[in-house]
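Please read the structure below before turning to the comments.
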Amino acid sequence: MSRADVVTARGAAVRRGGRTVWSGVDVTVHAGEFVAVLGPNGVGKSTFLQVVLGLVAPADGEVRVLGGAPGSANRRIGYLPQRHAFDAGTRVRGVDVVRLGWDGDRWGVPLPFGGARAKAARERVDEVVELVGAGDYAHRPIGRLSGGEQQRLLIAQALVRRPDLLLLDEPLDSLDVTNQASVSALIQHVCRSQGVAVLLVAHDVNPILPYLDQVLYLAPTGAIMGPPADVITADTLTMLYGTPIDVLHDRTGRLVVVGQPDTHEHH
Amino acid sequence: MAVHLSWDLGWDVRQLLAFPFMVNALRAGTIVAVVAGAIGYFMVLRRESFAGHTLALIGFPGAAGATWLGINESAGFFGFCVAGALVIAALPAQGRANPLGGYGERSAVIGTVQAFALACGLLFVTLYHGLLSGLNDLLFGTIIGITSRQVVTLLVAGVAALAVLAVIARPLLFATVDADVARARGVRVRLVGAAFLVLLGVAAAGTSQVTGTLLVFALLVAPAATAVRITARPVAGVVLSVVIAVVVTWLGEGVAYFSPYPIGFWVTTFAFGFFLLAGGYRALADRRG
Ligand SMILES: Nc1ncnc2c1ncn2[C@@H]1O[C@H](COP(=O)(O)OP(=O)(O)O)[C@@H](O)[C@H]1O
Ligand SMILES: [Mg+2]
(Lines give C-alpha, C1' and ligand atoms only; values in the text may rest on other atoms or scores of the structure.)
(Ligands and ions follow the chains in the order given, each with its own letter.)
Protein backbone atom coordinates (compact mmCIF):
# COMPACT_ATOMS: atom_id res chain seq x y z
CA MET A 1 0.00 0.00 0.00
CA SER A 2 1.52 3.31 -1.00
CA ARG A 3 1.12 6.46 1.02
CA ALA A 4 -0.97 8.07 -1.69
CA ASP A 5 -3.66 5.37 -1.59
CA VAL A 6 -6.95 6.83 -0.50
CA VAL A 7 -8.91 3.63 0.05
CA THR A 8 -7.59 0.07 0.27
CA ALA A 9 -9.44 -3.13 1.11
CA ARG A 10 -7.97 -6.61 1.36
CA GLY A 11 -10.28 -9.59 1.60
CA ALA A 12 -13.03 -7.40 3.04
CA ALA A 13 -16.45 -8.85 3.87
CA VAL A 14 -19.63 -7.30 5.26
CA ARG A 15 -22.61 -8.80 7.00
CA ARG A 16 -25.95 -7.02 7.27
CA GLY A 17 -29.15 -8.32 8.77
CA GLY A 18 -27.46 -11.69 9.42
CA ARG A 19 -26.49 -12.15 5.78
CA THR A 20 -23.12 -11.75 4.07
CA VAL A 21 -23.57 -8.96 1.54
CA TRP A 22 -20.16 -9.35 -0.12
CA SER A 23 -16.85 -10.97 0.74
CA GLY A 24 -13.33 -11.30 -0.64
CA VAL A 25 -13.32 -7.70 -1.87
CA ASP A 26 -9.97 -6.13 -2.80
CA VAL A 27 -9.87 -2.43 -3.63
CA THR A 28 -7.18 0.17 -4.24
CA VAL A 29 -8.13 3.77 -4.96
CA HIS A 30 -5.23 6.17 -5.59
CA ALA A 31 -5.22 9.86 -4.77
CA GLY A 32 -7.14 11.96 -7.27
CA GLU A 33 -8.68 9.02 -9.13
CA PHE A 34 -12.20 8.98 -10.54
CA VAL A 35 -13.67 5.54 -9.78
CA ALA A 36 -17.16 4.22 -10.52
CA VAL A 37 -18.70 1.62 -8.20
CA LEU A 38 -20.97 -0.63 -10.26
CA GLY A 39 -23.07 -3.73 -9.76
CA PRO A 40 -26.68 -4.91 -9.69
CA ASN A 41 -29.26 -3.57 -7.26
CA GLY A 42 -28.79 -4.75 -3.71
CA VAL A 43 -25.26 -6.03 -4.25
CA GLY A 44 -23.95 -3.67 -1.58
CA LYS A 45 -22.64 -0.58 -3.38
CA SER A 46 -24.10 1.84 -0.82
CA THR A 47 -22.89 -0.50 1.90
CA PHE A 48 -19.38 -0.21 0.46
CA LEU A 49 -19.49 3.60 0.88
CA GLN A 50 -20.79 3.16 4.43
CA VAL A 51 -17.86 0.86 5.17
CA VAL A 52 -15.47 3.52 3.86
CA LEU A 53 -17.15 6.04 6.20
CA GLY A 54 -16.87 3.67 9.15
CA LEU A 55 -20.67 3.58 9.55
CA VAL A 56 -20.70 -0.17 8.88
CA ALA A 57 -17.84 -2.32 10.21
CA PRO A 58 -16.36 -5.00 7.95
CA ALA A 59 -16.92 -8.53 9.27
CA ASP A 60 -13.63 -9.70 7.83
CA GLY A 61 -10.52 -8.41 6.07
CA GLU A 62 -8.78 -5.08 6.32
CA VAL A 63 -10.02 -1.68 5.16
CA ARG A 64 -7.90 1.48 5.32
CA VAL A 65 -9.13 4.95 4.46
CA LEU A 66 -6.80 7.97 4.10
CA GLY A 67 -4.11 6.17 6.03
CA GLY A 68 -6.23 5.17 9.02
CA ALA A 69 -9.15 3.06 10.12
CA PRO A 70 -12.50 3.84 8.41
CA GLY A 71 -14.22 6.70 10.21
CA SER A 72 -11.00 8.17 11.58
CA ALA A 73 -10.66 10.77 8.83
CA ASN A 74 -14.27 11.61 7.96
CA ARG A 75 -13.42 15.31 8.19
CA ARG A 76 -11.50 14.80 4.95
CA ILE A 77 -14.37 12.99 3.19
CA GLY A 78 -17.31 14.57 1.40
CA TYR A 79 -20.41 12.37 1.24
CA LEU A 80 -23.60 12.52 -0.77
CA PRO A 81 -26.05 9.76 0.23
CA GLN A 82 -28.36 7.92 -2.11
CA ARG A 83 -31.80 9.22 -3.23
CA HIS A 84 -31.47 12.48 -1.57
CA ALA A 85 -34.02 15.06 -2.59
CA PHE A 86 -35.46 17.89 -0.57
CA ASP A 87 -39.20 18.20 -0.95
CA ALA A 88 -40.83 21.47 -1.87
CA GLY A 89 -41.59 22.29 1.77
CA THR A 90 -37.94 22.43 2.82
CA ARG A 91 -37.57 26.10 3.68
CA VAL A 92 -33.81 26.39 4.08
CA ARG A 93 -31.60 28.14 1.52
CA GLY A 94 -29.08 26.33 -0.65
CA VAL A 95 -26.22 28.29 0.92
CA ASP A 96 -27.37 27.22 4.38
CA VAL A 97 -27.18 23.58 3.31
CA VAL A 98 -23.69 24.13 1.91
CA ARG A 99 -22.67 25.96 5.08
CA LEU A 100 -23.73 22.97 7.20
CA GLY A 101 -21.06 21.00 5.36
CA TRP A 102 -18.51 23.51 6.65
CA ASP A 103 -19.26 23.55 10.38
CA GLY A 104 -22.66 21.91 10.91
CA ASP A 105 -21.12 19.27 13.16
CA ARG A 106 -19.81 21.82 15.67
CA TRP A 107 -21.71 22.70 18.83
CA GLY A 108 -23.06 26.21 19.17
CA VAL A 109 -24.97 28.69 17.06
CA PRO A 110 -23.82 29.95 13.68
CA LEU A 111 -24.16 33.71 14.01
CA PRO A 112 -24.59 35.69 10.82
CA PHE A 113 -22.21 38.42 11.97
CA GLY A 114 -18.95 37.82 13.73
CA GLY A 115 -15.25 37.75 13.22
CA ALA A 116 -12.69 36.44 10.78
CA ARG A 117 -13.89 32.88 11.19
CA ALA A 118 -17.40 33.64 9.99
CA LYS A 119 -15.95 35.60 7.08
CA ALA A 120 -13.68 32.72 6.07
CA ALA A 121 -16.65 30.35 6.19
CA ARG A 122 -18.75 32.67 4.05
CA GLU A 123 -16.01 33.09 1.47
CA ARG A 124 -15.43 29.37 1.23
CA VAL A 125 -19.16 28.73 0.79
CA ASP A 126 -19.32 31.33 -2.00
CA GLU A 127 -16.26 29.77 -3.62
CA VAL A 128 -17.70 26.24 -3.84
CA VAL A 129 -21.10 27.57 -4.89
CA GLU A 130 -19.34 29.28 -7.82
CA LEU A 131 -17.30 26.14 -8.52
CA VAL A 132 -20.44 24.05 -9.03
CA GLY A 133 -22.14 26.86 -10.94
CA ALA A 134 -24.96 27.34 -8.45
CA GLY A 135 -24.49 31.08 -7.90
CA ASP A 136 -27.81 32.01 -9.48
CA TYR A 137 -30.03 29.96 -7.22
CA ALA A 138 -28.04 29.20 -4.06
CA HIS A 139 -29.95 31.83 -2.09
CA ARG A 140 -33.34 30.30 -2.85
CA PRO A 141 -35.01 27.68 -0.60
CA ILE A 142 -33.49 24.36 -1.61
CA GLY A 143 -36.89 22.65 -1.72
CA ARG A 144 -37.91 24.88 -4.65
CA LEU A 145 -34.95 23.89 -6.83
CA SER A 146 -34.82 21.22 -9.53
CA GLY A 147 -33.14 17.87 -8.96
CA GLY A 148 -30.06 18.93 -10.89
CA GLU A 149 -29.76 22.21 -8.98
CA GLN A 150 -30.12 20.42 -5.64
CA GLN A 151 -27.51 17.88 -6.71
CA ARG A 152 -25.02 20.64 -7.56
CA LEU A 153 -25.55 22.27 -4.16
CA LEU A 154 -25.11 18.92 -2.40
CA ILE A 155 -21.85 18.41 -4.29
CA ALA A 156 -20.82 21.88 -3.12
CA GLN A 157 -21.70 20.87 0.44
CA ALA A 158 -19.58 17.73 0.11
CA LEU A 159 -16.69 19.82 -1.28
CA VAL A 160 -16.75 22.75 1.09
CA ARG A 161 -14.17 21.39 3.52
CA ARG A 162 -11.64 20.62 0.77
CA PRO A 163 -11.91 16.83 1.11
CA ASP A 164 -9.40 14.35 -0.29
CA LEU A 165 -12.16 11.88 -1.08
CA LEU A 166 -15.69 12.33 -2.39
CA LEU A 167 -18.26 9.55 -1.94
CA LEU A 168 -21.24 10.06 -4.24
CA ASP A 169 -24.06 7.54 -4.09
CA GLU A 170 -26.01 7.54 -7.37
CA PRO A 171 -25.83 11.32 -7.83
CA LEU A 172 -27.06 10.99 -11.41
CA ASP A 173 -29.97 8.69 -10.67
CA SER A 174 -32.85 11.17 -10.56
CA LEU A 175 -31.56 13.51 -13.28
CA ASP A 176 -32.63 13.88 -16.90
CA VAL A 177 -30.11 13.10 -19.64
CA THR A 178 -28.90 16.70 -20.07
CA ASN A 179 -28.34 17.13 -16.35
CA GLN A 180 -26.64 13.74 -16.12
CA ALA A 181 -24.12 14.90 -18.70
CA SER A 182 -23.49 18.29 -17.10
CA VAL A 183 -23.27 16.98 -13.52
CA SER A 184 -20.90 14.22 -14.72
CA ALA A 185 -18.71 16.83 -16.38
CA LEU A 186 -18.81 18.91 -13.19
CA ILE A 187 -17.68 15.96 -11.06
CA GLN A 188 -14.86 15.25 -13.50
CA HIS A 189 -13.83 18.93 -13.37
CA VAL A 190 -13.86 18.91 -9.56
CA CYS A 191 -11.87 15.67 -9.48
CA ARG A 192 -9.13 16.99 -11.77
CA SER A 193 -8.96 20.63 -10.64
CA GLN A 194 -9.13 19.97 -6.89
CA GLY A 195 -7.21 16.70 -6.89
CA VAL A 196 -10.04 14.93 -5.08
CA ALA A 197 -10.45 11.18 -5.44
CA VAL A 198 -14.07 10.34 -6.35
CA LEU A 199 -15.92 7.11 -5.64
CA LEU A 200 -19.19 7.37 -7.52
CA VAL A 201 -21.91 4.73 -7.32
CA ALA A 202 -23.76 4.53 -10.61
CA HIS A 203 -26.62 2.57 -12.01
CA ASP A 204 -25.69 3.52 -15.56
CA VAL A 205 -21.99 3.94 -16.30
CA ASN A 206 -22.40 5.70 -19.65
CA PRO A 207 -22.58 9.37 -18.57
CA ILE A 208 -19.25 9.07 -16.71
CA LEU A 209 -17.56 6.45 -18.89
CA PRO A 210 -15.19 8.82 -20.73
CA TYR A 211 -13.90 10.30 -17.45
CA LEU A 212 -13.19 7.18 -15.43
CA ASP A 213 -9.78 5.99 -14.28
CA GLN A 214 -11.10 2.76 -12.84
CA VAL A 215 -14.33 0.91 -12.21
CA LEU A 216 -15.05 -1.28 -9.22
CA TYR A 217 -17.54 -4.01 -10.10
CA LEU A 218 -19.03 -5.56 -6.97
CA ALA A 219 -20.41 -9.11 -6.71
CA PRO A 220 -21.43 -11.21 -3.69
CA THR A 221 -18.26 -13.27 -3.84
CA GLY A 222 -15.71 -10.61 -4.70
CA ALA A 223 -14.98 -7.55 -6.76
CA ILE A 224 -13.03 -6.71 -9.86
CA MET A 225 -11.26 -3.42 -10.26
CA GLY A 226 -9.46 -1.93 -13.22
CA PRO A 227 -9.81 0.37 -16.23
CA PRO A 228 -13.36 0.30 -17.65
CA ALA A 229 -12.28 -1.28 -20.94
CA ASP A 230 -10.77 -4.26 -19.09
CA VAL A 231 -13.54 -4.78 -16.54
CA ILE A 232 -16.77 -4.12 -18.41
CA THR A 233 -16.44 -7.05 -20.79
CA ALA A 234 -18.60 -10.12 -21.28
CA ASP A 235 -15.84 -12.50 -20.16
CA THR A 236 -14.88 -10.65 -17.00
CA LEU A 237 -18.45 -10.09 -15.81
CA THR A 238 -19.50 -13.64 -16.69
CA MET A 239 -16.66 -14.91 -14.56
CA LEU A 240 -17.47 -12.50 -11.71
CA TYR A 241 -21.15 -13.39 -11.46
CA GLY A 242 -20.91 -17.00 -12.63
CA THR A 243 -23.80 -16.48 -15.04
CA PRO A 244 -23.74 -15.58 -18.76
CA ILE A 245 -23.51 -11.82 -19.24
CA ASP A 246 -23.24 -9.83 -22.47
CA VAL A 247 -21.83 -6.37 -22.95
CA LEU A 248 -23.26 -4.64 -26.00
CA HIS A 249 -21.71 -1.57 -27.63
CA ASP A 250 -23.88 0.75 -29.64
CA ARG A 251 -22.67 3.06 -32.40
CA THR A 252 -22.08 6.01 -30.06
CA GLY A 253 -19.88 3.97 -27.74
CA ARG A 254 -22.54 3.43 -25.09
CA LEU A 255 -22.32 0.19 -23.12
CA VAL A 256 -25.27 -1.97 -22.22
CA VAL A 257 -24.74 -4.80 -19.77
CA VAL A 258 -27.25 -7.59 -20.33
CA GLY A 259 -28.04 -10.43 -17.98
CA GLN A 260 -26.58 -9.24 -14.68
CA PRO A 261 -28.52 -10.74 -11.80
CA ASP A 262 -30.37 -8.43 -9.43
CA THR A 263 -29.45 -9.70 -6.00
CA HIS A 264 -32.43 -8.19 -4.27
CA GLU A 265 -35.10 -5.88 -5.51
CA HIS A 266 -36.12 -3.64 -2.70
CA HIS A 267 -37.93 -0.29 -2.30
CA MET B 1 -61.95 50.53 39.11
CA ALA B 2 -63.95 49.67 36.04
CA VAL B 3 -61.95 48.24 33.22
CA HIS B 4 -62.57 49.72 29.82
CA LEU B 5 -60.65 50.21 26.62
CA SER B 6 -59.93 53.80 25.60
CA TRP B 7 -58.18 55.36 22.62
CA ASP B 8 -55.33 56.39 24.91
CA LEU B 9 -52.83 53.53 24.64
CA GLY B 10 -50.74 54.78 27.56
CA TRP B 11 -53.79 54.79 29.80
CA ASP B 12 -54.78 51.32 28.63
CA VAL B 13 -51.34 49.93 29.39
CA ARG B 14 -51.34 51.59 32.83
CA GLN B 15 -54.72 49.98 33.52
CA LEU B 16 -53.30 46.62 32.45
CA LEU B 17 -50.33 46.84 34.76
CA ALA B 18 -52.36 48.03 37.77
CA PHE B 19 -53.09 44.48 38.83
CA PRO B 20 -50.33 42.10 39.97
CA PHE B 21 -52.07 39.13 38.34
CA MET B 22 -51.86 40.91 35.00
CA VAL B 23 -48.18 41.68 35.49
CA ASN B 24 -47.57 38.00 36.23
CA ALA B 25 -49.58 36.95 33.21
CA LEU B 26 -47.53 39.24 30.97
CA ARG B 27 -44.25 38.06 32.45
CA ALA B 28 -45.19 34.38 32.11
CA GLY B 29 -46.56 34.97 28.63
CA THR B 30 -43.40 36.70 27.47
CA ILE B 31 -41.09 33.99 28.82
CA VAL B 32 -43.19 31.24 27.33
CA ALA B 33 -43.49 33.01 23.97
CA VAL B 34 -39.74 33.45 23.59
CA VAL B 35 -39.09 29.78 24.38
CA ALA B 36 -41.95 28.46 22.25
CA GLY B 37 -41.01 30.70 19.33
CA ALA B 38 -37.41 29.49 19.24
CA ILE B 39 -38.10 25.81 19.89
CA GLY B 40 -41.17 25.84 17.67
CA TYR B 41 -39.02 26.97 14.73
CA PHE B 42 -36.95 23.80 14.91
CA MET B 43 -40.07 21.71 15.53
CA VAL B 44 -41.63 22.99 12.32
CA LEU B 45 -38.43 22.40 10.34
CA ARG B 46 -38.20 18.87 11.78
CA ARG B 47 -41.89 18.21 11.09
CA GLU B 48 -42.40 17.10 14.66
CA SER B 49 -45.57 19.09 15.24
CA PHE B 50 -47.48 15.94 16.03
CA ALA B 51 -45.00 15.03 18.75
CA GLY B 52 -45.24 18.62 20.06
CA HIS B 53 -49.02 18.43 20.23
CA THR B 54 -48.85 15.12 22.02
CA LEU B 55 -46.36 16.46 24.56
CA ALA B 56 -48.70 19.35 25.29
CA LEU B 57 -51.60 16.96 25.86
CA ILE B 58 -49.46 14.79 28.12
CA GLY B 59 -49.11 17.84 30.35
CA PHE B 60 -52.85 17.75 31.01
CA PRO B 61 -52.92 14.52 33.08
CA GLY B 62 -49.71 15.74 34.70
CA ALA B 63 -51.27 18.96 35.90
CA ALA B 64 -54.64 17.39 36.72
CA GLY B 65 -52.95 14.57 38.62
CA ALA B 66 -50.77 17.02 40.52
CA THR B 67 -53.82 19.08 41.51
CA TRP B 68 -55.67 15.95 42.60
CA LEU B 69 -52.72 14.85 44.75
CA GLY B 70 -52.19 18.36 46.07
CA ILE B 71 -48.77 18.78 44.47
CA ASN B 72 -47.54 21.84 42.59
CA GLU B 73 -49.27 22.09 39.22
CA SER B 74 -46.13 23.30 37.40
CA ALA B 75 -44.28 20.23 38.62
CA GLY B 76 -47.01 18.07 37.10
CA PHE B 77 -46.75 19.83 33.74
CA PHE B 78 -42.96 19.69 33.51
CA GLY B 79 -42.62 16.17 34.94
CA PHE B 80 -45.13 14.60 32.57
CA CYS B 81 -44.02 16.51 29.47
CA VAL B 82 -40.34 15.68 29.93
CA ALA B 83 -41.13 12.04 30.71
CA GLY B 84 -43.33 11.92 27.60
CA ALA B 85 -40.51 13.39 25.52
CA LEU B 86 -38.16 10.66 26.71
CA VAL B 87 -40.72 7.99 25.81
CA ILE B 88 -41.18 9.38 22.30
CA ALA B 89 -37.41 9.67 21.88
CA ALA B 90 -37.07 6.00 22.81
CA LEU B 91 -39.50 4.90 20.08
CA PRO B 92 -37.69 3.28 17.16
CA ALA B 93 -36.74 5.85 14.54
CA GLN B 94 -38.51 5.81 11.22
CA GLY B 95 -37.21 2.95 9.10
CA ARG B 96 -34.71 3.91 6.41
CA ALA B 97 -35.83 1.29 3.91
CA ASN B 98 -39.45 2.33 4.18
CA PRO B 99 -39.63 5.85 5.53
CA LEU B 100 -43.39 6.19 5.03
CA GLY B 101 -44.20 2.94 6.78
CA GLY B 102 -41.80 3.72 9.59
CA TYR B 103 -43.26 7.15 10.09
CA GLY B 104 -46.83 5.84 10.06
CA GLU B 105 -45.92 3.30 12.71
CA ARG B 106 -44.40 5.96 14.93
CA SER B 107 -47.34 8.31 14.48
CA ALA B 108 -49.72 5.53 15.42
CA VAL B 109 -47.86 4.93 18.68
CA ILE B 110 -47.66 8.65 19.47
CA GLY B 111 -51.34 9.07 18.69
CA THR B 112 -52.28 6.21 20.98
CA VAL B 113 -50.21 7.68 23.80
CA GLN B 114 -51.94 11.00 23.21
CA ALA B 115 -55.43 9.52 23.53
CA PHE B 116 -54.43 7.68 26.69
CA ALA B 117 -53.00 10.88 28.18
CA LEU B 118 -56.26 12.74 27.58
CA ALA B 119 -58.25 9.90 29.14
CA CYS B 120 -56.04 9.88 32.25
CA GLY B 121 -56.37 13.65 32.56
CA LEU B 122 -60.14 13.35 32.49
CA LEU B 123 -60.02 10.64 35.16
CA PHE B 124 -57.88 12.80 37.46
CA VAL B 125 -60.20 15.76 36.97
CA THR B 126 -63.15 13.55 37.90
CA LEU B 127 -61.36 12.16 40.94
CA TYR B 128 -60.60 15.68 42.14
CA HIS B 129 -64.08 16.97 42.84
CA GLY B 130 -64.70 20.64 42.43
CA LEU B 131 -62.28 21.31 39.59
CA LEU B 132 -65.01 22.05 37.08
CA SER B 133 -63.82 25.55 36.28
CA GLY B 134 -60.23 24.37 36.64
CA LEU B 135 -60.76 21.95 33.76
CA ASN B 136 -61.55 24.83 31.47
CA ASP B 137 -58.46 26.71 32.59
CA LEU B 138 -56.24 23.66 32.12
CA LEU B 139 -57.48 23.08 28.60
CA PHE B 140 -57.94 26.64 27.37
CA GLY B 141 -55.79 28.83 29.59
CA THR B 142 -56.50 31.73 31.93
CA ILE B 143 -54.83 35.05 32.69
CA ILE B 144 -55.67 35.07 36.33
CA GLY B 145 -54.04 32.70 38.72
CA ILE B 146 -50.45 32.69 37.50
CA THR B 147 -48.43 33.03 40.70
CA SER B 148 -45.07 34.74 41.11
CA ARG B 149 -43.59 31.39 41.99
CA GLN B 150 -44.87 29.95 38.74
CA VAL B 151 -43.24 32.83 36.87
CA VAL B 152 -39.90 32.04 38.49
CA THR B 153 -40.27 28.35 37.58
CA LEU B 154 -41.08 29.26 33.99
CA LEU B 155 -38.10 31.60 33.83
CA VAL B 156 -35.64 29.02 35.13
CA ALA B 157 -36.97 26.29 32.85
CA GLY B 158 -37.05 28.67 29.88
CA VAL B 159 -33.50 29.95 30.34
CA ALA B 160 -32.22 26.40 30.75
CA ALA B 161 -34.05 25.22 27.61
CA LEU B 162 -32.75 28.13 25.53
CA ALA B 163 -29.21 27.56 26.79
CA VAL B 164 -29.32 23.91 25.74
CA LEU B 165 -30.87 24.89 22.41
CA ALA B 166 -28.04 27.37 21.80
CA VAL B 167 -25.50 24.62 22.36
CA ILE B 168 -27.13 22.03 20.09
CA ALA B 169 -28.58 24.43 17.48
CA ARG B 170 -26.04 23.83 14.72
CA PRO B 171 -25.82 20.03 14.81
CA LEU B 172 -29.60 19.98 15.31
CA LEU B 173 -30.10 21.97 12.11
CA PHE B 174 -27.65 19.67 10.30
CA ALA B 175 -29.43 16.54 11.56
CA THR B 176 -32.77 18.07 10.55
CA VAL B 177 -31.84 19.11 7.04
CA ASP B 178 -29.55 16.22 6.16
CA ALA B 179 -29.48 13.38 8.70
CA ASP B 180 -27.36 10.96 6.65
CA VAL B 181 -24.63 13.46 5.88
CA ALA B 182 -24.68 14.75 9.47
CA ARG B 183 -24.21 11.20 10.76
CA ALA B 184 -21.27 10.67 8.41
CA ARG B 185 -19.75 13.89 9.74
CA GLY B 186 -19.94 12.55 13.29
CA VAL B 187 -23.12 14.28 14.50
CA ARG B 188 -24.90 12.10 17.08
CA VAL B 189 -28.18 12.37 15.20
CA ARG B 190 -30.22 10.22 17.58
CA LEU B 191 -28.89 11.95 20.69
CA VAL B 192 -29.43 15.45 19.33
CA GLY B 193 -32.97 14.48 18.29
CA ALA B 194 -33.73 13.11 21.76
CA ALA B 195 -32.33 16.22 23.44
CA PHE B 196 -34.54 18.32 21.22
CA LEU B 197 -37.65 16.32 22.16
CA VAL B 198 -36.91 17.05 25.83
CA LEU B 199 -36.63 20.76 25.00
CA LEU B 200 -39.92 20.46 23.16
CA GLY B 201 -41.43 18.90 26.27
CA VAL B 202 -40.22 21.82 28.40
CA ALA B 203 -41.60 24.32 25.88
CA ALA B 204 -44.95 22.51 25.73
CA ALA B 205 -45.21 22.33 29.52
CA GLY B 206 -44.45 26.03 29.90
CA THR B 207 -46.77 27.12 27.13
CA SER B 208 -49.62 24.98 28.51
CA GLN B 209 -49.59 27.05 31.67
CA VAL B 210 -50.45 30.19 29.74
CA THR B 211 -52.52 29.14 26.71
CA GLY B 212 -53.94 25.93 28.15
CA THR B 213 -53.09 22.45 26.98
CA LEU B 214 -55.25 22.39 23.88
CA LEU B 215 -54.06 25.72 22.50
CA VAL B 216 -50.32 25.27 22.88
CA PHE B 217 -50.09 25.28 19.11
CA ALA B 218 -50.91 28.96 19.05
CA LEU B 219 -47.40 29.71 20.34
CA LEU B 220 -45.48 26.57 19.44
CA VAL B 221 -46.52 26.13 15.81
CA ALA B 222 -48.26 29.17 14.39
CA PRO B 223 -45.44 31.74 14.88
CA ALA B 224 -42.80 29.30 13.59
CA ALA B 225 -44.91 28.24 10.62
CA THR B 226 -45.48 31.92 9.89
CA ALA B 227 -41.76 32.72 10.09
CA VAL B 228 -40.82 29.80 7.86
CA ARG B 229 -43.19 31.10 5.21
CA ILE B 230 -41.60 34.52 5.30
CA THR B 231 -37.89 33.66 5.37
CA ALA B 232 -35.73 30.65 4.51
CA ARG B 233 -32.77 31.96 6.56
CA PRO B 234 -32.42 29.90 9.75
CA VAL B 235 -31.23 32.68 12.07
CA ALA B 236 -33.76 35.18 10.75
CA GLY B 237 -36.42 32.50 11.02
CA VAL B 238 -35.78 31.90 14.72
CA VAL B 239 -35.75 35.63 15.49
CA LEU B 240 -38.94 36.26 13.52
CA SER B 241 -40.70 33.31 15.12
CA VAL B 242 -39.84 34.63 18.61
CA VAL B 243 -40.96 38.17 17.73
CA ILE B 244 -44.29 36.94 16.36
CA ALA B 245 -44.88 34.71 19.39
CA VAL B 246 -44.23 37.61 21.78
CA VAL B 247 -46.39 40.08 19.85
CA VAL B 248 -49.23 37.58 19.62
CA THR B 249 -49.03 36.90 23.36
CA TRP B 250 -49.04 40.57 24.34
CA LEU B 251 -51.92 41.34 21.98
CA GLY B 252 -53.84 38.28 23.19
CA GLU B 253 -53.34 38.99 26.88
CA GLY B 254 -54.07 42.68 26.46
CA VAL B 255 -57.30 42.11 24.60
CA ALA B 256 -58.34 39.25 26.88
CA TYR B 257 -58.03 41.65 29.80
CA PHE B 258 -60.51 44.08 28.29
CA SER B 259 -62.89 41.47 26.89
CA PRO B 260 -65.03 38.75 28.41
CA TYR B 261 -63.46 36.06 26.23
CA PRO B 262 -60.61 33.80 27.38
CA ILE B 263 -56.93 34.41 26.68
CA GLY B 264 -56.50 31.15 24.75
CA PHE B 265 -59.03 32.31 22.21
CA TRP B 266 -57.36 35.67 21.65
CA VAL B 267 -53.77 34.43 21.46
CA THR B 268 -54.80 31.72 19.02
CA THR B 269 -56.83 34.13 16.91
CA PHE B 270 -53.97 36.60 16.54
CA ALA B 271 -51.51 33.78 15.80
CA PHE B 272 -53.88 32.41 13.19
CA GLY B 273 -54.23 35.85 11.64
CA PHE B 274 -50.45 36.22 11.24
CA PHE B 275 -50.29 32.71 9.80
CA LEU B 276 -52.96 33.48 7.20
CA LEU B 277 -51.20 36.70 6.18
CA ALA B 278 -47.87 34.89 5.80
CA GLY B 279 -49.53 32.08 3.83
CA GLY B 280 -51.05 34.62 1.46
CA TYR B 281 -47.72 36.41 1.12
CA ARG B 282 -45.95 33.14 0.33
CA ALA B 283 -48.49 32.10 -2.29
CA LEU B 284 -48.14 35.48 -4.01
CA ALA B 285 -44.34 35.50 -3.82
CA ASP B 286 -44.09 31.96 -5.18
CA ARG B 287 -46.40 32.74 -8.05
CA ARG B 288 -44.29 35.71 -9.00
CA GLY B 289 -41.28 33.38 -8.96
N1 LIG C 1 -29.53 -0.67 7.32
C2 LIG C 1 -29.52 -1.95 6.84
N3 LIG C 1 -29.77 -2.99 7.68
C4 LIG C 1 -29.78 -4.25 7.22
N5 LIG C 1 -29.58 -4.57 5.94
C6 LIG C 1 -29.34 -3.59 5.06
C7 LIG C 1 -29.29 -2.22 5.46
N8 LIG C 1 -29.05 -1.45 4.37
C9 LIG C 1 -28.92 -2.32 3.35
N10 LIG C 1 -29.09 -3.59 3.75
C11 LIG C 1 -29.02 -4.78 2.90
O12 LIG C 1 -27.70 -4.89 2.41
C13 LIG C 1 -27.73 -5.28 1.04
C14 LIG C 1 -26.97 -4.28 0.19
O15 LIG C 1 -27.69 -3.06 0.17
P16 LIG C 1 -27.14 -1.74 -0.53
O17 LIG C 1 -25.76 -1.50 -0.06
O18 LIG C 1 -28.12 -0.66 -0.30
O19 LIG C 1 -27.13 -2.18 -2.06
P20 LIG C 1 -26.96 -1.28 -3.36
O21 LIG C 1 -26.56 0.09 -2.94
O22 LIG C 1 -25.92 -1.97 -4.17
O23 LIG C 1 -28.27 -1.31 -4.07
C24 LIG C 1 -29.18 -5.44 0.66
O25 LIG C 1 -29.51 -6.78 0.74
C26 LIG C 1 -29.92 -4.63 1.69
O27 LIG C 1 -31.19 -5.19 1.92
MG1 LIG D 1 -27.50 1.83 -3.12
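The values are calculated or read from the model by the stated rules, or taken from the named source; none is laboratory data. Predicted, not measured: the structure shown is a model, and the values here were computed from it. Virtual Cβ from ideal backbone geometry, glycine too; neighbours counted across all protein chains shown. Surface areas here come from the heavy atoms of the whole protein model, side chains and all, with no ligands, DNA or RNA. Shrake-Rupley method; radii C 1.70, N 1.55, O 1.52, S 1.80 Å.
Assorted remarks:
- If you take the alpha carbon atoms of chain B and fit the smallest convex hull around them, that volume is 141 Å³ per residue.
- Average Cα contact separation per residue, chain B, under 8 Å, 6 or more apart, as relative contact order %: 30
- For peptide A:133-142, the mean count of partner chain Cβ atoms within 10 Å of a residue's Cβ comes to 1.
- For the stretch B:148-289, the extents of the C-alpha atoms along the principal axes are 56, 49, 21 Å, listed from largest to smallest.
- Structure-based [θ]222 nm, chain A - -39500 (n - 2.57) summed over DSSP H runs of at least 4, per residue, nearest 500: -8500 deg cm²/dmol
- For residues of A:75-84, the mean tally of beta carbons on other chains within 10 Å: 3
- Take residue A:241: with every protein chain present and a 1.4 Å probe, its accessible area is about 30 Å².
- Put B:217, B:265 in order of accessible area, highest first, and with a 1.4 Å probe you get B:265, B:217.
- Principal-axis tilt of helix B:49-69 within chain B, Cα atoms, nearest 10 degrees: 50
- For peptides A:28-34, B:34-40, sequence by mean Cβ density within 10 Å, most packed first: B:34-40, A:28-34
- Chain B - mean residue ellipticity at 222 nm from DSSP helices (-39,500 (n - 2.57) per run, n ≥ 4, rounded to 500): -27500 deg cm²/dmol
- Tensor-based shape of chain A (alpha-carbon gyration tensor, a/c under 1.5 rounded, otherwise prolate or oblate): prolate
- Other residues with beta-carbon under 12 Å from the beta-carbon of residue A:22 carry, at +1 per Lys or Arg and -1 per Asp or Glu, a net charge of +2.
- Volume per residue for the protein assembly as shown equals 168 cubic angstrom (convex hull of Cα atoms).
- When DSSP beta bridges are restricted to pairs lying wholly in the stretch A:122-267, around 65% turn out antiparallel.
- Once the Cα-Cα distance is subtracted from the 0.36 nm per residue extended length, the residue B:287 to residue B:129 segment shows a gain of 51.3 nm.
- In the A-B interface, the accessible area buried, summed over both sides, Å² (probe 1.4 Å): 2900
- Relative contact order computed over the stretch A:44-143 (Cα-Cα under 8 Å; 6+ residues apart), in percent: 30
- Within 10 Å of each Cβ in B:183-190, the average number of Cβ atoms from other chains: 6
- DSSP beta bridge pairing in the protein assembly as shown, given as percent antiparallel to the nearest 5: 60
- For the pair residue B:8 and residue B:152 in one chain, pulling the backbone fully straight at 0.36 nm per residue adds 48.7 nm over the alpha carbon distance.
- Largest to smallest accessible area among B:288, A:75 [probe 1.4 Å]: B:288, A:75
- Each of B:129, A:139 has its accessible area taken with a 1.4 Å probe; listed largest first, they run B:129, A:139.
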